[in-house]
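Just below is one structure, and these are the notes that go with it.
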């Protein structure tokens, strides 16, 4: 179970909390979010997420979740610069999509048999400016359950397989949703930010379209180029030219993806998947009632190829059962899926390496070494695949904008901010 510390049980704890959380301002905000209800204890939740999480205990015994932007002391990658606004926009989009799917008075369950309405938390308020509480924040109704990482050791084989199956079904249900404006890219790129001061609900303003990419190869290039420049910014030792060259020559395989389907990059992370687990309701087979209740964070949304999600790197049988399910397939370009997966593995390996340099941890050396081994392996595979393409007479083309010279590299949104 997620550990927490009570922040308002004593004067010292409250004094400490005031340095990170403006409680008085929070109370004023909650007057509008939850009228006639007062704030009780505030508990800081220990989490591996970048955002700071607080459990708000309300006087009506309802719990709310406050998600606070990372402090300025935390070094962020380019793709992490708009975590809260991206999450808020994506949750609003999914909620409205589910409402349209449900129809008047019917159960909100999409064509893939998974009710996303029950998995996406209700967003009560989001603010993307720093005026109200010094940092951007979001307030949700607290999702049920606890991170899968705290339960994994206690699950039986059948219980874990069933959870994996549910994760597969959720991944497929999300992939049934496509970009509202037909463009590809990270949610922060496809959507504008919600209003700087937004109270979510039936009257919440629609998320306005921003400027995404016309092709998946361009969108993937922006993701890869962003993390490479993150590494270059702090002089992380990487074969930058080799990575760019390998991906440039094989990027045409990415254009087999013509529909910008929604996926969450870390949808398979045990620290991100929330599970409701009740051993007292065990079935006759001895399996407990274990159900996924959503994700801790929805910030890593991408419209493109669902196969880029972490869960496809080494999928379990249970996950594949849920992913395949019944009905239509969500995978395009199956004939070159292996090559696309190599490109995604290359991207993830670079992310793993660079992240350890941005936010060092006690085990960063081991994690970085693991990432470098994966990068070396996948670069060798990409080289072999490229040679096979050349040998077969197929000419590689690169509409995605990869370039070996810095002057020809695509301009990223963060460069103009």
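The values are calculated or read from the model by the stated rules, or taken from the named source; none is laboratory data. It should be emphasised that the depicted structure is a prediction, and the values quoted were computed from it without experimental measurement. Here the Cβ positions follow ideal geometry from the backbone for every residue, glycine too, while neighbour counts run over all protein chains shown.
Could you check, for region 89-102, whether at least one of its residues is modelled with pLDDT under 90 and on the phi > 0 side of the Ramachandran plot?
The answer is no; no qualifying residue exists.
Take residues that are in contact with a strand residue (DSSP E or B) (Cβ under 8 Å, 6 or more places away or on another chain) and at pLDDT below 85 and tell me which of the strands (runs of 3 or more DSSP E) falling wholly in region 4-60 contain 2 or more.
4-6
Yes/no matrix, rows are residues, columns are (1) closer than 30 Å to residue 177 by Cα; (2) touching a strand residue (DSSP E or B) at 6+ places or on another chain (Cβ under 8 Å); (3) surrounded by fewer than 19 Cβ atoms within 10 Å (Cβ to Cβ); (4) at pLDDT below 95:
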position: 318; (1), (2), (3), (4): yes, no, no, no
position: 355; (1), (2), (3), (4): yes, no, no, no
position: 361; (1), (2), (3), (4): no, no, yes, yes
position: 372; (1), (2), (3), (4): no, no, yes, no
position: 379; (1), (2), (3), (4): no, no, no, no
position: 388; (1), (2), (3), (4): no, no, yes, yes
position: 405; (1), (2), (3), (4): no, no, yes, yes
position: 408; (1), (2), (3), (4): no, no, yes, yes
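Of the conditions (1) modelled with pLDDT under 95; (2) over 19 Å from residue 258 (Cα atoms), residue 190 satisfies every one except a single condition; which number is it?
It fails just one condition, (2).
Tally up the residues in region 320-343 that are outside any loop (DSSP other than H, G, I, E, B) and in contact with a strand residue (DSSP E or B) (Cβ under 8 Å, 6 or more places away or on another chain), please.
Going through region 320-343 one residue at a time, the tally reaches 0.
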